[in-house]
1. How high is the relative contact order of the range 1-88? Use alpha-carbon pairs under 8 Å, at least six apart in sequence, and give a whole percent.
2. Run the numbers for Val79 and Asp40: contour at 0.36 nm per residue of separation, minus the present Cα-Cα distance, in nm.
3. From the alpha carbon gyration tensor of the range 47-92, can you work out the equivalent ellipsoid semi-axes (sqrt of 5 times each eigenvalue) and give them in Å, largest to smallest?
4. Does the range 24-66 come out rounded, prolate or oblate by the C-alpha gyration tensor, with a ≥ b ≥ c the root eigenvalues, rounded set by a/c under 1.5 and, if not, prolate when a/b is larger than b/c and oblate if not?
5. Around Gly63, what is the net charge, scoring Lys/Arg as +1 and Asp/Glu as -1 over all other residues with Cβ under 12 Å from its Cβ?
6. For the chain, count all C-alpha to C-alpha pairs, find those more than 24 Å apart, and express that count as a whole percent of the total.
7. Among bridges DSSP assigns within the chain, what percent are antiparallel (round to 5)?
Amino acid sequence: MSHVTTHVLDSGTGRPAAGVAVSLRGPDGGEIASAATDADGRIGGLGPDRLPAGTASLCFDTGAYFAARGQETFYPEVVVAFRIDEEQGHLHVPLLLSPFAYSTYRGS
């Protein structure tokens, strides 16, 4: 399993957000991996099984997701930065998304 996984829920529709492009950036800001959410709004294989300690981020291409649905959005991109410690295991970083708001939390 990847060190970092995610899922996106479109809270405006109450359904998983399929096809959202997501990139994982490491502590140096460089892209480590990228993928798109599946039909269940999940990405289970994003990046390696270990990442170096530091601040990483997930970048969600929300603008393209909403544009494909013919819907306006205030947030063309959502970037979620989070800290990775040496001893941390798996990190799950979900995104709850609507066209004009979003929320995130540390999942399990």
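FYI, it's all coordinate maths here, none of it is from the lab. Only a predicted model underlies this, so the values are computations on that prediction, with no experimental measurement involved. Every residue, glycine among them, receives a Cβ derived from its backbone with ideal geometry; neighbour counts consider all protein chains shown.
1. It comes to 29 percent, rounded to a whole number.
2. Using 0.36 nm per residue and subtracting the Cα-Cα distance, I get 12.0 nm.
3. 30, 10, 7
4. Cα axes put the range 24-66 in the oblate bin.
5. -2
6. Result: 19 percent of Cα pairs exceed 24 Å.
7. Rounded to the nearest five, the antiparallel share is 85 percent.
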